[in-house]
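Undergrad: Please read through the structure below; I'll follow up with questions.
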Amino acid sequence: MVTILAIESSCDDTAAAVCRDGEILSNVIANQTIHEKYGGVVPELASRAHIQNIVPVVDDALKTADCQLSTIDAFAFTQSPGLIGALLVGAQFARSMALAMDKPVITVHHMQAHVLSNLIPQQRPDFPFLCLTVSGGHTQIVLCKNPLHMQVIGQSLDDAAGEAFDKSAKLLGLSYPGGPLIDKYAAEGNPARFKFPEPNIPGLDFSFSGLKTSILYFVQNEKKKDQNFVENNLNDICASIQSRIVSILLNKLQKAAEITGIENICIAGGVSANGQLRKSFTSLGEKMNWKTFIPPFEYCTDNAAMIAITAYYKYLDNDFADLNAIPSARAEW
Ligand code: KG4
Ligand code: ZN
C-alpha cells in the first residue's frame with residue numbers, strides 16, 4: 001500500500017491531497033480571493049496567502065482522508081512551473097514534513113500533472129493518448145505514451161487560452177479570473193452574432209494575441225457608436241469570443257489526431273472546465289469516433305489530487321527527489 005500527501009501552490013490556490021494506491025482520498029483547496037480587485041494574481045500576496053493557508057489545508061486533507069501523518073509514505077510538491085514565491089511555500093512545507101517523518105520527497109511538474117488528472121477517474125484513457133491542456137499559463141497538445149513519458153507536440157506561441165479568456169474579460173470590464181464569467185454570460189448568448197478572426201498558424205501551434213487585439217479594436221469601435229455597447233450585448237459578445245477560442249483549440253486538436261492517428265483524446269487544465277469546450281469536444285469526439293475523456297470539474301482547475309496521482313506513478317518508478325530539491329518558475333519536462 002502506497003499513501004502519498006501532495007501539495008500544490010504554484011499560483012493562487014493552496015491545495016493538498018492524499019492518494020492511496022492511485023485512489024484520491026481527499027482533495028482540499030483554499031482559493032485566494034484577494035487577487036480579484038487587482039485584475040490578476042499579485043505574486044507577493046499569493047505567497048503570503050499560501051503561508052496562511054497551508055497548515056489548515058494540509059490538516060484538512062489528512063483528516064478528510066482519515067489518515068495519520070505517520071502513515072504517509074512520500075511527500076510530493078509542485079516543483080515548476082509557477083510563481084517562485086508561491087512554489088517555495090509548498091516545496092518548503094513538503095520537504096520539512098519529509099525530513100521530520102524521514103520519508104522521501106517527490107517533485108512534480110504542474111503541466112504533466114494536469115495531463116494525468118485524466119487518470120484519476122475510474123474511466124481512464126488507454127495509452128497512447130493525446131491531451132489538450134489548457135490553463136491560465138499554458139496551451140499544449142501533449143502526446144502521452146505512458147504516465148511518465150509525454151511530449152509536447154503543439155503549444156501557444158504567445159498567450160495561453162486561459163489568458164485569452166481572462167484578458168478578453170478584462171477588456172469587457174469583468175473581474176479576474178474572467179474565464180468562468182465569460183462561460184456564464186456566454187451560456188445566454190448567440191455565438192454567431194460577432195465574428196472574430198481565426199489565426200493562421202502552421203502545424204500544431206496556437207496563437208491568441210491577435211484575437212485579443214481584434215477584440216480590443218472591436219470594443220473600442222462599437223463604444224464610439226454606443227457607450228453602453230458592452231453592457232447591452234454582453235451575452236452575445238462573450239458567446240462569440242468563447243466560440244472562437246473553442247474553435248481555435250479544437251481545430252488544432254483535430255489536426256493532431258489526424259497526424260498522429262491517435263483516437264484516445266483528453267482535455268485538461270482550468271479552461272477544460274468551460275461549458276462550451278466540454279460540449280464541443282464531446283460532439284467532435286462523437287463525429288470523429290474518438291474515445292474522449294474529460295476530468296471532473298474539481299480536477300480541471302488547479303488542485304493537489306493531480307499532483308498526488310502523478311507522484312504515485314513516480315513512486316512506482318522509484319523516481320524520488322533530493323531533499324534539497326528546489327522549485328523553479330520555469331522548467332522543461
Ligand atoms: O489550470 P488553472 O486552474 O491554473 C493554471 O495552471 O493556470 O487554469 C486557470 C485558467 C484561468 O485562466 C481561468 O480563467 C480559466 O482557467 N478558467 C476558465 C473556466 N474556469 C477556469 N476558462 C473558461 N471557462 C471556464 N469555465
Ligand atoms: Zn494549472
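Undergrad: Go through (1) over 20 Å from residue 300 (Cβ atoms); (2) not in a loop (DSSP other than H, G, I, E, B) one by one and return the number of the condition residue 116 breaks.
TA: (1)
Undergrad: Name the residue that is nearest to residue 252 (Cα to Cα), counting only residues in the stretch 192-223 that are part of a loop (DSSP other than H, G, I, E, B) and of a type in the set (Gly, Ala, Ser).
TA: Result: 203.
Undergrad: Looking at the stretch 224-272, which of its residues are outside any helix (DSSP H, G or I) and within 16 Å of ligand 2 (Cβ to nearest atom)? Outline the logic, then answer.
TA: Step one: filter the stretch 224-272 for residues outside any helix (DSSP H, G or I), giving 226-228, 261-269.
Those that are outside any helix (DSSP H, G or I) and within 16 Å of ligand 2 (Cβ to nearest atom): 266, 267, 268, 269.
Undergrad: Can you name the residue in the stretch 168-182 that is of a type outside the set (A, V, I, L, M) and part of a helix (DSSP H, G or I) and is also nearest to ligand 2 (Cβ to nearest atom) among such residues? Steps first, please.
TA: Initial filter on the stretch 168-182 (of a type outside the set (A, V, I, L, M)): 168, 170, 173, 175-180.
Pick out the ones that are also part of a helix (DSSP H, G or I) and you get 168, 170, 179-180.
Numbers: 168: 19, 170: 19, 179: 12, 180: 14 Å.
Looking at the filtered set, the residue picked out is 179.
Yes or no, residue by residue, for (1) over 19 Å from residue 142 (Cβ atoms); (2) modelled with pLDDT under 95:
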residue	(1), (2)
270	no, no
282	yes, no
287	yes, no
299	no, no
306	no, no
313	no, no
317	no, no
329	yes, yes
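Undergrad: Quick one: residue 12 ticks every box in (1) closer than 24 Å to residue 321 by Cβ; (2) among the acidic types (Asp, Glu); (3) in contact (Cβ under 8 Å) with a residue 40 or more places away in the chain except a single one, so which number is it?
TA: In the conditions (1) closer than 24 Å to residue 321 by Cβ; (2) among the acidic types (Asp, Glu); (3) in contact (Cβ under 8 Å) with a residue 40 or more places away in the chain, residue 12 misses (1) alone.
Undergrad: Condition first: of a type in the set (Ser, Thr, Tyr) and assigned to a loop (DSSP other than H, G, I, E, B). Now tell me which residues in the stretch 283-322 satisfy that. First the steps, then the outcome.
TA: Of the stretch 283-322, the ones of a type in the set (Ser, Thr, Tyr) are 283, 292, 299, 301, 310, 312-313, 315.
Selection gives 301 alone.
Undergrad: Something else now. Only one of (1) closer than 19 Å to residue 256 by Cα; (2) buried (at least 24 other Cβ atoms within 10 Å of the Cβ) fails for residue 108. Which number is that?
TA: With respect to (1) closer than 19 Å to residue 256 by Cα; (2) buried (at least 24 other Cβ atoms within 10 Å of the Cβ), residue 108 is out only on (1).
Undergrad: Now a separate question. What number of residues in the stretch 295-327 are open to solvent by 40 Å² or more (accessible area, probe 1.4 Å) and among the polar types (S, T, N, Q)?
TA: From the stretch 295-327, those open to solvent by 40 Å² or more (accessible area, probe 1.4 Å) are 296-298, 301, 313, 315-320, 322-324, 326; that's our starting set.
Cutting the leftovers down to among the polar types (S, T, N, Q) gives us 301, 318, 324.
Adding up the residues that qualify gives 3.
Undergrad: Can you report the number of residues in the stretch 120-159 which are among the hydroxyl-bearing types (Ser, Thr, Tyr) and either more than 19 Å from residue 296 (Cβ to Cβ) or in contact with a Phe, Trp or Tyr (Cβ under 6 Å, 6 or more places away or on another chain) (or both)? Reasoning before the result, please.
TA: Step one: list which residues in the stretch 120-159 are among the hydroxyl-bearing types (Ser, Thr, Tyr), which gives 133, 135, 139, 156.
If we keep only those that are either more than 19 Å from residue 296 (Cβ to Cβ) or in contact with a Phe, Trp or Tyr (Cβ under 6 Å, 6 or more places away or on another chain) (or both) as well, we get 139, 156.
Summing the residues that are among the hydroxyl-bearing types (Ser, Thr, Tyr) and either more than 19 Å from residue 296 (Cβ to Cβ) or in contact with a Phe, Trp or Tyr (Cβ under 6 Å, 6 or more places away or on another chain) (or both) in the stretch 120-159 gives 2.
Undergrad: Can we say residue 185 is buried (at least 16 other Cβ atoms within 10 Å of the Cβ), over 20 Å from residue 279 (Cα atoms) and touching a helix residue (DSSP H, G or I) at 6+ places or on another chain (Cβ under 9 Å)?
TA: Details: buried (at least 16 other Cβ atoms within 10 Å of the Cβ): yes; over 20 Å from residue 279 (Cα atoms): no; touching a helix residue (DSSP H, G or I) at 6+ places or on another chain (Cβ under 9 Å): yes.
Here the answer is no, as residue 185 does not meet what is asked.
Undergrad: Filter the stretch 260-275 for residues that are touching a residue at least 60 places away in the same chain (Cβ under 8 Å) and either open to solvent by 60 Å² or more (accessible area, probe 1.4 Å) or more than 9 Å from ligand 1 (Cβ to nearest atom) (or both) and give the result.
TA: Initially, the stretch 260-275 is screened for residues touching a residue at least 60 places away in the same chain (Cβ under 8 Å), giving 260, 262, 264-275.
Within the stretch 260-275, 260, 262, 264, 265, 266, 267 meet the criteria.
Undergrad: Does residue 201 count as under 30 Å from residue 112 (Cα atoms) and either open to solvent by 60 Å² or more (accessible area, probe 1.4 Å) or among the hydrophobic types (A, V, I, L, M, F, W, C) (or both)? Even if it seems obvious, please write down each step before you answer.
TA: Numbers: under 30 Å from residue 112 (Cα atoms): yes; either open to solvent by 60 Å² or more (accessible area, probe 1.4 Å) or among the hydrophobic types (A, V, I, L, M, F, W, C) (or both): yes.
For residue 201, the condition - under 30 Å from residue 112 (Cα atoms) and either open to solvent by 60 Å² or more (accessible area, probe 1.4 Å) or among the hydrophobic types (A, V, I, L, M, F, W, C) (or both) - is met.
Undergrad: Something else now. How many residues, within the stretch 132-167, are part of a helix (DSSP H, G or I) and more than 10 Å from ligand 1 (Cβ to nearest atom)? Explain how you work it out, then say what you get.
TA: Initially, the stretch 132-167 is screened for residues part of a helix (DSSP H, G or I), giving 161-167.
Filter once more, so that each one left must be more than 10 Å from ligand 1 (Cβ to nearest atom): none.
Residues in the stretch 132-167 being part of a helix (DSSP H, G or I) and more than 10 Å from ligand 1 (Cβ to nearest atom): 0 in total.
Undergrad: Can you confirm whether residue 78 is on the phi < 0 side of the Ramachandran plot, within 16 Å of ligand 1 (Cβ to nearest atom) and either of a type in the set (Gly, Ala, Ser) or open to solvent by less than 50 Å² (accessible area, probe 1.4 Å) (or both)?
TA: On the way: on the phi < 0 side of the Ramachandran plot: yes; within 16 Å of ligand 1 (Cβ to nearest atom): yes; either of a type in the set (Gly, Ala, Ser) or open to solvent by less than 50 Å² (accessible area, probe 1.4 Å) (or both): yes.
Yes.
Undergrad: So residue 137 clears everything in (1) of a type outside the set (S, T, N, Q); (2) open to solvent by 20 Å² or more (accessible area, probe 1.4 Å); (3) at pLDDT 95 or above except one condition, right? Which one?
TA: All conditions pass for residue 137, except number (3).
Undergrad: I've got another one for you. How many residues are assigned to a helix (DSSP H, G or I), away from ligand 2 (no atom under 16 Å from the Cβ) and of a type outside the set (A, V, I, L, M) when one looks only at the stretch 93-113? Show your work before the answer.
TA: So the first thing to find is which residues in the stretch 93-113 are assigned to a helix (DSSP H, G or I), and the list is 93-101, 110-113.
Retained after the next criterion (residues that are away from ligand 2 (no atom under 16 Å from the Cβ)): 93-101.
Then keep just the ones that are of a type outside the set (A, V, I, L, M); that gives 93, 95-96.
Number of matching residues: 3.
Undergrad: Could you list, in sequence order, all residues of the stretch 29-47 that are within 25 Å of residue 75 (Cα to Cα) and either under 16 Å from the mean Cα position of the chain (by Cα) or within 15 Å of ligand 1 (Cβ to nearest atom) (or both)?
TA: 29, 30, 31, 32, 43, 46 - these are the residues of the stretch 29-47 that are within 25 Å of residue 75 (Cα to Cα) and either under 16 Å from the mean Cα position of the chain (by Cα) or within 15 Å of ligand 1 (Cβ to nearest atom) (or both).
The values are calculated or read from the model by the stated rules, or taken from the named source; none is laboratory data. The shown structure was predicted, so the numbers you read here are calculated from the model rather than taken from an experiment. Positions of Cβ are backbone-derived with ideal geometry, glycine not excepted, and every protein chain shown enters the neighbour counts. The accessibility values were calculated without ligands, DNA or RNA, using every heavy atom of the protein model including side chains. Shrake-Rupley method; radii C 1.70, N 1.55, O 1.52, S 1.80 Å.
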